[in-house]
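**Student:** The structure's right below; bear with me while I get my questions together.
What follows draws every value from the coordinates through simple rules; no lab data is involved. Predicted model only: the values in this text are computed from it and were never measured. As a convention, Cβ positions derive from the backbone with ideal geometry for all residues, glycine included, and neighbour counts pool all protein chains shown.
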């Protein structure tokens, strides 16, 4: 059985070592302040108040009187501090420097105390300390910085000087000084023993750590009679390399002239290298063991000699230092060098004097407590259920006090038990906190959340939201048609849900044994899906909820880019009918100069088909979806045709292209992209002519360019970032291609239109606005007239966002009859709130050359064309047009009858 704690013994050996007794409340001394940090408003000529402190400690020292405290702010004070003023018995002058993490952090050059009395100096870092001719001086928590000179010299017949809880080197007590106390210090020997008392009767060396190599660790010589050495840890790390003379180090040395009345016990001597330590040299005789010393002198009965320092120096678990000292020894302090009190390790027997438990050395081993957490049994339960909180800590000793706050406004529970029970009376998401406290006041806190629910049946529910890219984060790829389903906010679950089954409605499922997250799912195609959640709780209850979810592409802004080539099959083989070709879109990567382009919802492409082996057409659509009946480019055998294509991005970041018949080469240029939370809004408008070379400047010759002002004209604002045009060629002299691009100095290697002699051709182009609000047109060869009609623009204050759709056929007059010359057909099926629409209009079975004009239904027809028709030729064009009431009107010119096919690619709506 472990001996009973002898707490009372701790006080028996205490002496008045840490200053005189505190003054009564009526005698509370005033305080002076020193602070030299920037912004402190210090002045040595000032009052030394907290608002206007002294700049130097010396200035405060000259002003301080008995009973006053000088509070010294942390910092570096480049002064040699000389103290020669005195307090009075019971009213010392106290110099108290701010500590950093319990250690001295306030530097001075040196500290000298001369002919003074009743002083306390705490918390300084001087290079050296000198005390001479002084009495009742307390030096506490000092740390000297000189490593090659005595750190502390106490002389000049000083009396009652106390050096405590400090870290210094080569302490010298000399010159007839009396009753000097060294307590709870770490003392290192560099040029001599860590401590030497010469002609210093009554010296007390208690609970220190003495570190030395080639000399004695504690040397009591001269006429230092009546001295005491108790509870010290003597660490001799002498090595052959450091001390080549081969002479062993001495642990404790007491000279013959100092042995009278001198006592030693409960010390622990550690030999850094076994056989290099001579334990004692007492009154001129060497003793290798404590037993030999005890037999000869009666001293050192409870001293210990150990060969290794690994388990000793820092008081590790099982160390002989722990709970083995003498609590009644002269000069025992109640706290160690860090300010921690004497503590009893309950795991280790109390082997100190009379069952005492003070540690040997300068540090008192404490319970380790750095973290705490709390676990809740029934952390999800209805009102009225008893829940139990359990504290988890890293304590080694146990014996903690726990305070539980259950987060519902009730009084905390304070207990010695690791668990505490509680009953909640109302629903809440409550934070449960536990604070664990050791016997010496060290705290650690942890917390967790408990869910207190209303009573009732399990009722499943879920919320739905589209997962959209973050405009501020260019990293990663948010795929279109991605949705999040979260059962947590919409489910009433009195007991924990232990089974979650999700049917996303497209043949895919997900399961979990916790309802602790939302479920994210990417669909291959838009549409209506029946999403079902089936939940099961801890008590076996099961409930299912099913809801229809409309999955669609998100409204998006447009980002115009400098066009670049994405695909050219002329370099690797032709397309062949029946074999879809993948167009890999730059999702998840950054479009050049567009770092936020990784999560586009739709791409705008210029698609050119050439070298067709027979009359055919090309369809482009999102990957992962069935091929629609729509078409984008129609081509005659041996010809070249191009069209702008707006296509949603498939779930895998691709689009597909397929020929209807024969073979052909495919060229794809990337023009821009639509992305949620990115880009500019669109404002549709009736066509406004901004260029007609037939009346302005003449044909554009081969290799020539024409720069055209577009921003600030034709209803387009000056801050437009991109403009949508219908580009038409006429009067062409030979086959060529035309490029529309923003910067006249940087022509792109792409094309927008392929003019042919004797044929009027058109294509829609979305062109970024270049320098000074212009765009530039380039003709490759021959000569051609160009007509440029603006049908809308993108700007910061634009009106509408674009919602892409999988190409959908809205109308086909081949089933209802041709549009006669001068007649109009109305096309419905666009959302009623749409301001505009993007459609692919195809004219076929044409009887005469002419054109088609698209505009909002019910509005005046503009004097412009959307598509040029030719007899015997099927002609498509990408058309952006205003819409009204979910409808657009298409007017046929007087050239001849036409069948008209209208495919919806997307629409524009305001928020």
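**Student:** How far is the Cα center of the range 455-527 from the Cα center of the range 134-189, in Å?
**Tutor:** 71 Å
**Student:** I would also like to ask the following. Taking 0.36 nm per intervening residue step and subtracting the Cα-Cα distance, what contour gain separates residue 411 from residue 82 on full extension?
**Tutor:** 113.0 nm
**Student:** Let me ask something else about it. Starting from the Cα-Cα distance between residue 637 and residue 394, subtract it from 0.36 nm times their residue separation and give me the gain in nm to one decimal.
**Tutor:** Once the chain is fully extended between residue 637 and residue 394, it gains 79.3 nm.
**Student:** For a Förster distance of 22 Å, can you work out the FRET efficiency between the beta-carbons of residue 707 and residue 749, rounded to the nearest 0.05?
**Tutor:** With a Förster radius of 22 Å, E is 0.70.
**Student:** Give me the one-decimal nm value for the distance between modelled label points at residue 127 and residue 514, 7 Å along each residue's Cα-to-Cβ direction.
**Tutor:** Computed distance between label sites residue 127 and residue 514 equals 6.1 nm.
**Student:** Under a plain spin-label model, where a point goes 7 Å from the Cα along Cα-to-Cβ, how far apart in nm are residue 370 and residue 576?
**Tutor:** 6.9 nm
**Student:** Rounded to the nearest 0.05, what FRET efficiency do residue 471 and residue 354 have when you use their Cβ-Cβ distance and R0 = 56 Å?
**Tutor:** Once the sixth-power term is evaluated, E becomes 0.15.
**Student:** At a threshold of 8 angstrom on Cα-Cα distance, excluding pairs fewer than six apart, so keeping six or more, what relative contact order does the range 556-706 reach in percent?
**Tutor:** 38 percent
**Student:** Based solely on its DSSP helices, what 222 nm [θ] is calculated for the chain when runs of n ≥ 4 H residues each add -39,500 (n - 2.57) and the sum is averaged over all residues, nearest 500 deg cm²/dmol?
**Tutor:** -500 deg cm²/dmol
**Student:** Also: Under the 0.36 nm per residue contour assumption, what length would be gained going from the current alpha-carbon distance of residue 335 and residue 449 to full extension?
**Tutor:** 37.2 nm
**Student:** Right, another one. Nearest 0.05, what FRET efficiency do residue 735 and residue 910 give at R0 = 35 Å with Cβ-Cβ as r?
**Tutor:** 0.20
**Student:** What distance in nm separates the two pseudo spin-label positions at residue 506 and residue 548, each 7 Å out from Cα along the beta-carbon direction?
**Tutor:** Once both label points are built, they end up 1.9 nm from each other.
**Student:** Could you grab the relative contact order for the range 372-450? Cα pairs under 8 Å, six or more apart, rounded to a whole percent.
**Tutor:** Reported as a whole number, the value is 36 percent.
**Student:** Quote the relative contact order of the range 801-909 in percent (integer), defining contacts as alpha-carbon pairs under 8 Å separated by 6+ residues.
**Tutor:** Relative contact order for the range 801-909 comes out at 48 percent.
**Student:** How do 692-705, 57-70, 392-405 rank on mean C-beta neighbours within 10 Å, highest first?
**Tutor:** Taking the mean over residues of other Cβ atoms within 10 Å, the ranking is 57-70, 392-405, 692-705.
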